[in-house]
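Working notes, beginning with the structure itself.
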């Protein structure tokens with residue numbers, strides 16, 4: 001009797017184990033697919049050069065905010081040097097603004113401070129501001145985004 | 001053992017229901033710290049009703065969201081009243097959940113089968129915080145827009161799961177119209193479903209596993225009286241509901257909801273701040289190194305869920321958990337208050 005009973009329970013155990021395994025595998029893959037449906041694909045960044053203006057159009061000592069295809073950019077000119085920074089604070093994604101008097105970029109969210117070269121000098125930001133490449137072709141200034 | 005007649009004769013469904021609603025509940029539920037469980041439940045009912053009402057006017061599209069909230073607040077008849085009730089009720093709900101947790105923690109009510117109640121309750125608490133964040137973002141004024149940017153970025157910085165979580169929440173790498181519709185879906189569909197399951201589970205667990213015993217150790221449990229769930233206890237909950245309703249209606253009348261300027265993706269609000277219940281965490285991650293701060297927050301959440309098991313582990317080894325819990329809860333309340341005030345009262 002005991003042996004038969006043993007076999008039966010083992011058979012039961014195995015069949016329910018297979019059932020559980022199969023179900024969790026099936027449902028698992030289904031839900032992974034659902035998750036993939038919700039996760040957007042990363043868009044490939046297209047790089048292009050955009051004319052932002054004549055050299056003399058860009059005011060000296062000030063920062064000009066621009067938005068080019070979703071990139072929020074600050075173009076800073078000091079004398080004959082032009083640099084372009086991403087406005088997105090490297091801390092938590094707020095937008096920095098240019099403080100002309102102190103020649104610094106300030107993020108209002110956590111008082112992060114960057115110097116005029118975009119280097120993080122105070123507050124929580126972990127790295128310097130992202131930069132965009134500036135190309136000068138004659139008098140015209142282009143930005144690579 | 002003697003078998004009673006009731007046990008031999010199978011009860012009809014009607015009898016079972018009558019027994020269930022007339023079950024005896026302990027008298028200590030009459031004291032105010034023990035009403036802190038019923039209060040969030042009543043508030044949740046208010047939130048559900050006012051929330052459903054607002055979905056009839058709210059438009060979850062970036063160009064229209066702010067306008068529709070403005071219409072609810074200033075144009076639609078009684079819109080300000082519905083929105084005000086919703087806004088106040090969620091703040092009160094989170095506050096009462098916090099107090100409820102402190103009460104449960106101090107009295108160690110998560111012991112003796114209470115673990116399930118604690119786990120479900122912790123689930124309810126964090127779901128409520130998710131409700132708070134998503135709802136705050138739906139307003140779509142400038143403060144809430146940048147709050148949404150900052151919080152989703154914070155989620156993105158979490159170790160391991162961060163990047164995927166960010167993409168899932170935002171529906172892309174940047175905050176866009178997909179972000180708003182996702183937060184709207186979470187706020188009005190998925191989270192309500194989740195919290196209703198959790199609340200039902202929590203209440204069932206409390207009823208089936210029994211109310212927490214009074215006192216800090218079982219020897220000192222005072223013998224106390226009982227009263228019926230219905231009508232006595234139901235009347236008490238009714239009384240709480242009426243008091244809460246009067247309070248909420250009065251406060252909304254005195255302080256109708258307001259609205260900031262429209263969201264501007266090109267201009268950060270000067271006073272970016274999350275709702276008060278996130279202020280402590282927001283301050284915390286700015287005063288400590290970022291990775292360590294976020295790691296500490298995650299560790300805290302894990303320890304929080306696991307606390308009943310930690311308690312059991314330690315008390316088996318002879319630790320006086322009553323003292324430990326009093327110390328932890330006093331420290332937690334003080335730290336939370338200091339961080340919150342530090343963030344809210346800007347110098």
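The numbers here are math on the coordinates, done by the rules we state, and not lab data. Computed from a predicted structure; not experimentally measured. Cβ atoms come from the backbone with ideal geometry, glycine included; neighbour counts cover every protein chain shown.
Couple of notes before you dig in:
- Gaussian network model of chain A, springs between alpha carbon atoms under 10 Å - residue of A:12, A:43, A:116 with greatest fluctuation: A:12
- Shape call, the stretch B:25-165: gyration tensor on alpha carbons, a/c limit 1.5: oblate
- Estimated 222 nm signal from helices in chain B, with DSSP H stretches of n ≥ 4 weighted -39500 (n - 2.57), rounded to 500: -22000 deg cm²/dmol
- Two-site FRET efficiency, residue B:24 against residue B:322, from Cβ-Cβ distance with R₀ of 30 Å, rounded to 0.05: 0.65
- Rounded tilt (10° steps) of B:79-107 against the dominant C-alpha axis of chain B: 50 degrees
- Separation of the residue B:234 and residue B:164 label points, Cα + 7 Å toward Cβ, nm: 4.7 nm
- Chain B: most fluctuating residue of B:208, B:158, B:29 per GNM, C-alpha cutoff 10 Å: B:208
- Cβ-Cβ FRET estimate between residue B:193 and residue A:102, R0 fixed at 51 Å, reported to 0.05: 0.50
- Based on C-alpha pairs under 8 angstrom that are at least 6 apart in sequence, chain B has a relative contact order of 27 percent.
- For peptides B:247-255, B:53-61, sequence by mean Cβ density within 10 Å, most packed first: B:53-61, B:247-255
- Virtual spin-label span in nm between residue A:14 and residue B:203, 7 Å along Cα→Cβ: 4.7 nm
- Once you reduce the stretch B:8-43 and the stretch B:311-334 to the center of their Cα atoms, the two points are 30 Å from each other.
- Gyration tensor verdict on the stretch A:20-144 (Cα atoms; rounded if a/c is under 1.5, prolate if a/b is larger than b/c, oblate otherwise): oblate
- P(r) tail fraction, the stretch B:161-301 - alpha-carbon pairs more than 26 Å apart, %: 58 percent
- Taken residue by residue and averaged, Cβ atoms of other chains lying within 10 Å of the Cβ of B:139-150 number 2.
- Dividing the helix sum by the residues of chain A, where each DSSP H run of 4 or more adds -39500 (n - 2.57), gives a mean residue ellipticity at 222 nm of -9500 deg cm²/dmol.
- Simple spin-label estimate for residue A:56 and residue B:333 in nanometres, 7 Å along Cα-Cβ: 7.1 nm
- For the protein assembly as shown: rounded, prolate or oblate by the Cα gyration tensor [a/c cutoff 1.5]: prolate
- Put the Cα centre of the stretch A:65-88 next to the Cα centre of the stretch B:56-124 and the gap is 41 Å.
- Helix B:276-287 axis, angle to chain B major axis (alpha carbon atoms, nearest 10°): 70 degrees
- Acute angle (nearest 10 degrees) that the helix A:2-38 long axis makes with the longest principal axis of chain A, alpha-carbon atoms: 20 degrees
- Over chain A, Cα pairs under 8 Å with separation of 6+ residues give a relative contact order of 20 percent.
- Candidates B:231, B:62, B:275, ranked by Gaussian network fluctuation over chain B, Cα under 10 Å, top entry: B:231
- Within 10 Å of each Cβ in A:92-98, the average number of Cβ atoms from other chains: 6
- Pairwise Cα inverse-distance average, inverted: Kirkwood Rh of chain B (Å): 22.5 Å
- For the residues of B:164-175, the average number of beta carbons from a partner chain within 10 Å of their own beta carbon is 3.
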